[in-house]
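Enquirer: Pasting in a structure now, in structure tokens, and then I'll have a few things to ask.
The values are calculated or read from the model by the stated rules, or taken from the named source; none is laboratory data. Only a predicted model underlies this, so the values are computations on that prediction, with no experimental measurement involved. Every residue, glycine among them, receives a Cβ derived from its backbone with ideal geometry; neighbour counts consider all protein chains shown.
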Number of protein chains: 2
Amino acid sequence: MSPNFTADAGLAFERHDHAHCAGSAMARAEALSEAKGARLTPVRRRTLEILLESHRALGAYDVLEKLAEEGFGKQPPVAYRALEFLVEQGFAHRIRRLNAFTACMNPGTAHRPAFFICRSCSAVAEAQAEAVRTAMDRAAEEIGFAIERVNLEALGLCHACAEAAE
Amino acid sequence: MSPNFTADAGLAFERHDHAHCAGSAMARAEALSEAKGARLTPVRRRTLEILLESHRALGAYDVLEKLAEEGFGKQPPVAYRALEFLVEQGFAHRIRRLNAFTACMNPGTAHRPAFFICRSCSAVAEAQAEAVRTAMDRAAEEIGFAIERVNLEALGLCHACAEAAE
DNA sequence: TATCGTATGTAATATCATAACATGTCAAGC
DNA sequence: GCTTGACATGTTATGATATTACATACGATA
């Protein structure tokens, strides 16, 4: 029952109560599924749990391996389909730069995240980026483009790694 | 010698003088290479030309195929290395969402581009997005993240395709 | 209980990317 | 001129990521 504090490769660069944030995100995902009539089936639920537990960006094959160990299907589409569902529902995000997926830390709440990927420790921080999205919307408007999905990703060094590198 | 106007899948959604923009980008890439002491060798030069000529996002294997036809190497690293060079020099961009590359329309000039990808016609528009980058920098600053590279990509419908879909 | 839509599973394959190593090219220094 | 070292190009082989096509199961509902 003790909170699982972590300072390393996590979805945020700060120490935090991992068990709490994971449980909370899961609870919200359940409530949202219920509300929307989306079917959070066992594979999908377990996939989200895996993302939340690992607390980092995982490749589809990493997820698949865990699912297979637990008696779910062993073939790639099993993982890709579950992950796709989670992304569609806003319960997870796809990090294109890493060919990987992370659990969303704020499912349901209006949020337009940007991702900051540390090239040293591989941690991925999901930051609220309302202003970035607004600027993006404006740029789209200028060229008459109708945005449907957005990926905002930056590669660099997180604070801890930058200090360590000095 | 007549300018090659195009209204379909292009690097911008607007009609424009393709021959002009391609030649101009090539000339700037040459000048910049000279200035920086970067070696714009035959494969690299030809790779850039291929991107400029096609005027859309091309996968590494698309590029490779053309290079191979013209007597260059036939194996993936040939294309990936040339493309990597171009991206490093700022002569091309990598579009992660498409696993593809496009020639940069503004090599050398300070620019922080965002990419707008039409899911209908597959055209990719490179838009100046200074404001988006500024917002991104600010978000990074808040979490103490040192940005090195950024990918700003949006998927949606370009103006022409949105009208056609009505 | 028949049917339809959706979800899950499999096999097979397609697509994208890199590691490891051999050869070629060219300029700097002896 | 030759050697050396840095870099570029090429190859083989393999790894990593993702999708297509099809079979089976499940659940709601008419």
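Enquirer: Here are some residues: B:R112, B:R119, B:R138, B:R133. Which one is in contact (Cβ under 8 Å) with a residue 12 or more places away in the chain, more than 16 Å from DNA strand C (Cβ to nearest atom) and more than 15 Å from the chain's Cα centre (by Cα)?
Expert: Details: B:R112 fails: more than 15 Å from the chain's Cα centre (by Cα); B:R119 fails: more than 16 Å from DNA strand C (Cβ to nearest atom); B:R138 fails: in contact (Cβ under 8 Å) with a residue 12 or more places away in the chain.
Selected residue: B:R133, the only one of B:R112, B:R119, B:R138, B:R133 that is in contact (Cβ under 8 Å) with a residue 12 or more places away in the chain, more than 16 Å from DNA strand C (Cβ to nearest atom) and more than 15 Å from the chain's Cα centre (by Cα).
Enquirer: Which one of these is within 15 Å of DNA strand D (Cβ to nearest atom), modelled with pLDDT of 95 or more and farther than 30 Å from B:L152 by Cβ: A:E49, A:E34, A:E69, A:E65? Walk me through how you get there before you give the answer.
Expert: On the way: A:E49 fails: within 15 Å of DNA strand D (Cβ to nearest atom); A:E34 fails: modelled with pLDDT of 95 or more; A:E69 fails: within 15 Å of DNA strand D (Cβ to nearest atom).
Of A:E49, A:E34, A:E69, A:E65, the one residue that is within 15 Å of DNA strand D (Cβ to nearest atom), modelled with pLDDT of 95 or more and farther than 30 Å from B:L152 by Cβ is A:E65.
Enquirer: Given the options A:T102, A:T41, name the one that is more than 14 Å from every other protein chain (Cβ to nearest Cβ), hydroxyl-bearing (S, T, Y) and buried (at least 19 other Cβ atoms within 10 Å of the Cβ). First the steps, then the outcome.
Expert: On the way: A:T41 fails: buried (at least 19 other Cβ atoms within 10 Å of the Cβ).
Within the list A:T102, A:T41, the selection yields A:T102.
Enquirer: I need every pair where a residue in segment B:25-52 that is without any contact (Cβ under 8 Å) to a residue 24 or more places away in the chain and closer than 13 Å to B:A92 by Cβ has its Cβ under 7 Å from the Cβ of a residue that is in a helix (DSSP H, G or I) and β-branched (V, I, T), sequence separation at least 6 or different chains.
Expert: What qualifies is B:I50/B:V63.
Enquirer: Here's another thing I want to ask about it. When you look at B:N99, is it within 16 Å of DNA strand D (Cβ to nearest atom) and at positive phi, yes or no? Walk me through it before giving the result.
Expert: Values: within 16 Å of DNA strand D (Cβ to nearest atom): yes; at positive phi: yes.
Against the criterion (within 16 Å of DNA strand D (Cβ to nearest atom) and at positive phi), B:N99 qualifies.
Enquirer: What's the total number of residues in segment B:116-156 that are facing chain A (nearest Cβ under 8 Å) and over 19 Å from A:E141 (Cβ atoms)?
Expert: Residues flagged as facing chain A (nearest Cβ under 8 Å) and over 19 Å from A:E141 (Cβ atoms) within segment B:116-156 amount to 13.
Table: residues versus (1) of a type in the set (A, V, I, L, M, F, W, C); (2) assigned to a strand (DSSP E or B); (3) modelled with pLDDT of 95 or more.
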{"site": "B:A127", "(1), (2), (3)": "yes, yes, no"}
{"site": "B:D137", "(1), (2), (3)": "no, no, yes"}
{"site": "B:E141", "(1), (2), (3)": "no, no, yes"}
{"site": "B:G144", "(1), (2), (3)": "no, no, yes"}
{"site": "B:I147", "(1), (2), (3)": "yes, yes, yes"}
{"site": "B:N151", "(1), (2), (3)": "no, yes, yes"}
{"site": "B:G156", "(1), (2), (3)": "no, yes, yes"}
{"site": "B:C161", "(1), (2), (3)": "yes, no, no"}
{"site": "B:E166", "(1), (2), (3)": "no, no, no"}
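Enquirer: Scan segment B:75-87 and give yes if some residue there is over 15 Å from the mean Cα position of the chain (by Cα), charged (D, E, K, R) and closer than 27 Å to A:L98 by Cβ, otherwise no.
Expert: Yes; the residues of segment B:75-87 include at least one that is over 15 Å from the mean Cα position of the chain (by Cα), charged (D, E, K, R) and closer than 27 Å to A:L98 by Cβ.
Enquirer: Can you pull out the residues in segment B:91-120 that are modelled with pLDDT of 95 or more and out of contact with any strand residue (DSSP E or B) (no Cβ under 9 Å at 6 or more places or on another chain)?
Expert: B:N99
Enquirer: It is to be established whether one or more residues within segment B:91-98 are surrounded by fewer than 15 Cβ atoms within 10 Å (Cβ to Cβ) and more than 12 Å from the chain's Cα centre (by Cα). Before you say what the answer is, go through the steps one by one.
Expert: Looking only at segment B:91-98, we keep the residues that are surrounded by fewer than 15 Cβ atoms within 10 Å (Cβ to Cβ), and these are none.
No, there is no match, as no residue in segment B:91-98 is surrounded by fewer than 15 Cβ atoms within 10 Å (Cβ to Cβ) and more than 12 Å from the chain's Cα centre (by Cα).
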